[in-house]
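Have a look at the structure below, then the notes.
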Amino acid sequence: MPDTGIEVRDLHKEFPVRDRGLFGPRTTKTAVNGLDLDIPAGRITGLLGLNGAGKTTTIKILATLLRPTSGTVRVDDLDSVADARAVRRRINLIAGGERMVYTRMTGRENLWYFGQLYDVPKRELRARIDELLSLVGLTQAADTMVERYSRGMTQRLAIARGLINDPAYLLLDEPTLGLDAPIARDLRRVVARLAAEGTGVLLTSHYLAEVEELCAHVYVIADGRHLAAGSPAELKTATGSLGTVRVTVPQVPPAVAEVATRFGATRTPADGGGEILTLRSPDHMAGPLAAAIVGAGGAITALEIKEASLEDAILALTDGTVPGPVVLA
Amino acid sequence: MIDATRSAARVFAAESLKQHRRLFGQPLVVFSMLVWPILQLATTYYTLRPVATASDAAAHWPLAADPHRLLAFLATGTLAYAFFFSLVQSAWHFSFERTTGTLELLFLSPAGRLTLMIANGAGALLQNAWLLTCFTTAALLGFGTLSVASWWMYGVVVLALLIPAVAWGAFLNSLLVFSRDSAFLYTVLDEPLWFVSGVRLPHFALPTVVQVVGAVFPLTGSLIAVRGALLEGDTLGALAPTLGWLTLLSALLLAAAAVILRVGEAHAQRTGRLRLA
């Protein structure tokens, strides 16, 4: 079967809602409104947006748990509605912060149970279970009942469960939510390795540094609509997100004040005396600003550089500061 | 076909383990599996015994005059009831999977939905009923009340209990995919199931309306077949109408389960209610 990726075209999802009790009037709530997405094999694709943007609904449609109201989802050329069973063999979903496993079974038994449901070949299943338990750091606790696991251990088991069928496409909905930093870091490494080996990954996360680190391509949505798409760098450039340079100086003689005015830096008093000159700019202006201050006879006691962040770009897009849609390469 | 059968067998194995772990978490499980049914049997026996030995009762229901045969009648009733009610309990537990989120994971997998429902019920049945089955068999042998036409009628008895019970379990499980409320199962199916199916009383002693209502519950037919084969020495020919009705009823229950699952899953995919959290 060709790895043509996941293709989402003009996706709409409306939920029926009954406003008041059992006999209240029926209305509909639009969760996804005309989305187009491409999630190719071997790439980590980000799906970003504020709460209620439609990310989880979109992921559940891709996972076949929800049916689109209109539009199509094709997974390696298979229709997610008509060929749902074949699609389910090729995908899996990991939702962070959730512990959807059976507490009265051991970790190993849980993985065996889901391996049976996915019909993973018997000779592969045993090795895969060992590999996954090792991957999520549960080898020592493999034969312990899950009801005796800590919250983090249970969550790690849920991650292993999502990999049991060696999915061609992995849907990650806030996968590191609530995980300890070392485990979250290990999971990011695993995801990067899976993508390098050819797995197509769709990632939603509130940790934008994580998205920036992992995703080659990002979609930004709001109210179920497409706002922007591109690499994190392209999004930052397109939204004009600004980096920040903060220079602390012990004194501001007139020549240094003139430099601050020329560069457009703001002046604020620093704790312990002196002033902080803050410059927000899309370019890396730390060097020229520092050189100009020293050239004007000033001294520098501290220099802090903060590059433009994806968070700034997302906020600019979702605040409406930058009119969407912004479609990049 | 071979692949489908193999996949189904793997789902059955998985569900059997899950049910085993769920049911055998602590030694107290023996109470629900054996002690509780025996207490029910004893209560029923000592409630019925004074009435059954009255002269008029024996004239209408000769079996009641013999304490061993009465006990055997009630023991078979308790056994068959345990088969069917264990599936009510299993379906009730299955409904918890909606709130824990694991139901969503089952539907995320490619496993056949009807296979899952049948396997879930069958797994619970095997775990729940084996101990009581052993006890009842030993008791019937001990009473000396067994009257079986031929050895293979034991096989007929097993099938007359197992197949309708599993179909019943799959039907109940499918209802809970569609509906989020499971408490109604206990209300509707505990005492009424005892009463309308003739667990404690012979079917003929029940009012006609109750007999008609009871006929739609597979437990009724299973009881008639089990008691006929084990206590009355009925042959396969004599039980053919009952077994035919049970087969039809089981097929209808499985067909209904398949339809409800299809409609229920489509409904859940439309509304997003496969999970309650």
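The values are calculated or read from the model by the stated rules, or taken from the named source; none is laboratory data. Small disclaimer: the values here were computed from a predicted structure and weren't measured. Cβ sites come from the backbone with ideal geometry, for glycine too, and all protein chains shown count toward neighbours.
Is one or more of the residues making up the range B:4-23 more than 14 Å from every other protein chain (Cβ to nearest Cβ) and either farther than 24 Å from B:Ala139 by Cβ or touching a helix residue (DSSP H, G or I) at 6+ places or on another chain (Cβ under 6 Å) (or both)?
Keep residues of the range B:4-23 that are more than 14 Å from every other protein chain (Cβ to nearest Cβ), which gives none.
Scanning the range B:4-23, I find no residue that is more than 14 Å from every other protein chain (Cβ to nearest Cβ) and either farther than 24 Å from B:Ala139 by Cβ or touching a helix residue (DSSP H, G or I) at 6+ places or on another chain (Cβ under 6 Å) (or both), so the answer is no.
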Matching residues, the range B:22-48, being at pLDDT below 80 and farther than 16 Å from B:Thr76 by Cα: B:Leu23, B:Phe24, B:Gly25, B:Gln26, B:Pro27, B:Leu28, B:Val29, B:Val30, B:Phe31, B:Ser32
In the range A:171-186, the residues that are under 13 Å from the mean Cα position of the chain (by Cα) and either buried (at least 20 other Cβ atoms within 10 Å of the Cβ) or on the phi > 0 side of the Ramachandran plot (or both): A:Leu171, A:Leu172, A:Asp173, A:Glu174, A:Pro175, A:Thr176
Hits in the range A:192-209 - residues which are assigned to a helix (DSSP H, G or I) and buried (at least 21 other Cβ atoms within 10 Å of the Cβ): A:Ala195
The range A:91-119, subset facing chain B (nearest Cβ under 9 Å) and among the aliphatic types (A, V, I, L, M), residue farthest from A:Pro68 (Cα to Cα): A:Met105
Residue list for the range A:121-145, restricted to those being buried (at least 21 other Cβ atoms within 10 Å of the Cβ) and of a type in the set (Val, Ile, Thr): A:Ile129, A:Val136
The range B:96-130 - residue that is closer than 22 Å to B:Ser7 by Cβ and of a type in the set (Val, Ile, Thr) and, of those, nearest to the other protein chains (Cβ to nearest Cβ): B:Thr102
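Where in the range A:210-312 are the strands (runs of 3 or more DSSP E), entirely inside, with at least 2 residues that are more than 30 Å from A:His12 (Cβ to Cβ)? Write out each step before concluding.
Working: elements: A:217-222, A:225-230, A:243-249, A:266-269, A:275-281, A:302-306.
Qualifying strands (runs of 3 or more DSSP E): A:243-249, A:266-269, A:275-281, A:302-306.
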Residue identified as closer than 21 Å to B:Thr102 by Cβ and touching an Asp or Glu at 6+ places or on another chain (Cβ under 9 Å) among A:Ala158, A:Ala192, A:Ala184: A:Ala158
Selected residue (criterion: nearest to B:Phe94 (Cα to Cα)) from residues of the range B:33-59 that are touching a residue at least 24 places away in the same chain (Cβ under 8 Å) and not β-branched (Val, Ile, Thr): B:Met33
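Does B:Ala80 satisfy the condition of being within 21 Å of B:Gly142 (Cα to Cα), touching a helix residue (DSSP H, G or I) at 6+ places or on another chain (Cβ under 6 Å), surrounded by fewer than 23 Cβ atoms within 10 Å (Cβ to Cβ) and more than 14 Å from chain A (Cβ to nearest Cβ)? Even if it seems obvious, please write down each step before you answer.
Values: within 21 Å of B:Gly142 (Cα to Cα): yes; touching a helix residue (DSSP H, G or I) at 6+ places or on another chain (Cβ under 6 Å): yes; surrounded by fewer than 23 Cβ atoms within 10 Å (Cβ to Cβ): no; more than 14 Å from chain A (Cβ to nearest Cβ): yes.
Criteria not met by B:Ala80.
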Some residue of the range B:5-21 being in a helix (DSSP H, G or I), at pLDDT below 85 and not small (Gly, Ala, Ser): no
Hits in the range A:210-226 - residues which are surrounded by 19 or more Cβ atoms within 10 Å (Cβ to Cβ) and aliphatic (A, V, I, L, M): A:Val211, A:Leu214, A:Val218, A:Val220, A:Ile221, A:Ala222
Those residues of the range A:101-116 which are crowded, with 24+ Cβ neighbours inside 10 Å and aliphatic (A, V, I, L, M), in sequence order: A:Val101, A:Leu111
Residue satisfying condition, being more than 15 Å from A:Val136 (Cβ to Cβ), small (Gly, Ala, Ser) and surrounded by fewer than 21 Cβ atoms within 10 Å (Cβ to Cβ), within set A:Ala233, A:Ala260, A:Ala229: A:Ala233
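Could you list, in sequence order, the residues of the range B:202-238 that are assigned to a loop (DSSP other than H, G, I, E, B) and free of Cβ contacts under 8 Å to residues at least 12 places away in the same chain? Give the derivation first.
Residues of the range B:202-238 that are assigned to a loop (DSSP other than H, G, I, E, B), as a first pass: B:202, B:206-207, B:216-217, B:232-235.
Residues satisfying the conditions are B:Leu206, B:Pro207.
Does B:Thr133 satisfy the condition of being of a type in the set (Val, Ile, Thr), in contact with a helix residue (DSSP H, G or I) (Cβ under 7 Å, 6 or more places away or on another chain) and away from chain A (no Cβ under 14 Å)?
On the way: of a type in the set (Val, Ile, Thr): yes; in contact with a helix residue (DSSP H, G or I) (Cβ under 7 Å, 6 or more places away or on another chain): yes; away from chain A (no Cβ under 14 Å): yes.
Here the answer is yes, as B:Thr133 does meet what is asked.
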Filter pass, A:Arg88 being away from every other protein chain (no Cβ under 14 Å) and at pLDDT 95 or above: no
In the range A:35-73, residue farthest from the other protein chains (Cβ to nearest Cβ) [restricted to those that are at positive phi and surrounded by fewer than 20 Cβ atoms within 10 Å (Cβ to Cβ)]: A:Gly42
